[in-house]
1. Mind checking which residues of region 150-172 are in a helix (DSSP H, G or I), surrounded by 14 or more Cβ atoms within 10 Å (Cβ to Cβ) and more than 21 Å from the chain's Cα centre (by Cα)?
2. Please work out if A112 is within 16 Å of I6 (Cα to Cα), surrounded by 14 or more Cβ atoms within 10 Å (Cβ to Cβ) and not assigned by TED's automatic domain parsing to the domain that holds Q193.
3. Which numbered condition trips up G44, out of (1) touching a Gly at 6+ places or on another chain (Cβ under 8 Å); (2) open to solvent by 10 Å² or more (accessible area, probe 1.4 Å); (3) not aromatic (F, W, Y)?
4. What residue, among those in region 337-364 that are open to solvent by less than 20 Å² (accessible area, probe 1.4 Å) and either under 13 Å from I293 (Cβ atoms) or without any contact (Cβ under 8 Å) to a residue 60 or more places away in the chain (or both), is nearest to the ligand (Cβ to nearest atom)?
5. Take the residues in region 246-255 that are buried (at least 19 other Cβ atoms within 10 Å of the Cβ) and not in a helix (DSSP H, G or I); name whichever of them is nearest to the ligand (Cβ to nearest atom).
6. Starting from region 193-211, take each residue that is in the same structural domain as I161 (by TED's automatic domain parsing) and under 13 Å from V240 (Cα atoms) and list its partners that are open to solvent by 50 Å² or more (accessible area, probe 1.4 Å) and part of a helix (DSSP H, G or I), counting only C-beta distances under 7 angstrom and pairs at least six apart or across chains.
7. Of everything in region 18-49, what is within 16 Å of the chain's Cα centre (by Cα) and small (G, A, S)? Give them in sequence order.
8. For the structure I just gave you, tell me whether L93 is under 16 Å from D109 (Cβ atoms) and either among the hydrophobic types (A, V, I, L, M, F, W, C) or touching a residue at least 60 places away in the same chain (Cβ under 8 Å) (or both).
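The values are calculated or read from the model by the stated rules, or taken from the named source; none is laboratory data. Note that the structure is predicted; figures quoted are calculated from it, not measured. Note: ideal-geometry Cβ built from the backbone for every residue, glycine included; neighbour counts use all protein chains shown. Remember, those area values only see protein heavy atoms, side chains included, never the ligands or the DNA or RNA. Shrake-Rupley method; radii C 1.70, N 1.55, O 1.52, S 1.80 Å.
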Amino acid sequence: MKISDITLGRIKVPLKTPFKTALRTVNAVEDIVVVIHTDSGHTGYGEAAATAVITGDTHGSIIEAILAYIRPRLIGQDIADLNHIVHLIQTALERNTSAKAAVEIAVYDLWAQRYDAPLYQLLGGGEPVVATDITISVDHIDKMVADSLAAIERGFTSLKIKVGKDIGLDVERVRAIYAAVEGRALLRLDANQGWSAKQAVHAMHSLEDAGVRLELLEQPVKARDLKGLKYVTERIHTPVMADESVFGPLEVLELIRMRAADIINIKLMKTGGLSNAIRIADIAEMHGVECMIGCMIETSISVAAAVHLAVAKSSIITRVDLDGPSLCQFDPVEGGVTFNDSEISIGDAPGLGIRAILGLEPIT
Ligand code: MG
């Protein structure tokens, strides 16, 4: 099974409701899809999200990185040489983690198809069902409370509450949601870099003192402010999770060495794909640091790969935040992983199990 061509397409799927964080507002998924063709007739699929404010990747940079730098190295490569192909992808150019992730996902899809097994089985196996939380976008308090209650009605038992806009209002938002859900769901707080370290400690102390129990606080401070993250981690009872502060394995090692956070949020668009995500999970497990697996605004193509990883590494990836597909108005993928609100399940088709992608616009 040799790579004969790599082509790209655009996928656009409107969201059910706008996705709002302290950093941005998004109304639709608009991602780049990678299709790897082989001489055996097998097809591998991957996807890249352009999250300029987090990874720096744009549609233009993703397309250029894949077509001009990664694609020429991979044509003719044998899928069985997985580690060699991964090395070619990762060393094709610096950074550009979303472009690398998309290509790696398609390569791993083919690699598992080559051995005729679902990807998670080749990554170590596991129970092919996970439960995800859902994002509650930052908004007026009444709207956030209503969205939280609606999510509980749909069966979600973990809510990721977006805050970080205005610290006084943020505390009120969380208190109102906590009171409304009455213990029916765990609350995860994501400040998306919106607070200073001192503000974060102050806000969390006032919530903790008021008896509000949160599962975790995610990325309270700026991505580069590891010292600030450590400052918060040392001063609050609620576990702190690093998201934008850590991309790859080296940053994870530094974070663990500094004890700057309690939990690590792994996202394929930050790690550059599955190979480094596996490394991070292994490093974290060695150090007894739990992980969450998350995603950007992605469809069920790239999120499927994250689900396979989450299943195979469930001993250390103890939390799942893969709500991208359930935020979409429809699923553009035929086959693949099944996203049914909070419950995500993998079938027994080889690779990622994707048979076709609807509405893919070719990029020429
Ligand atoms: Mg986050």
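1. I152, I167, D170, V171
2. For A112, the condition - within 16 Å of I6 (Cα to Cα), surrounded by 14 or more Cβ atoms within 10 Å (Cβ to Cβ) and not assigned by TED's automatic domain parsing to the domain that holds Q193 - is not met.
3. (2)
4. Applying the filter and picking the extreme gives I344.
5. V246
6. Hits for this filter: A197/Y231; V201/R235.
7. Within region 18-49, G46, A48, A49 qualify.
8. Judged against the criteria, L93 is not a match.
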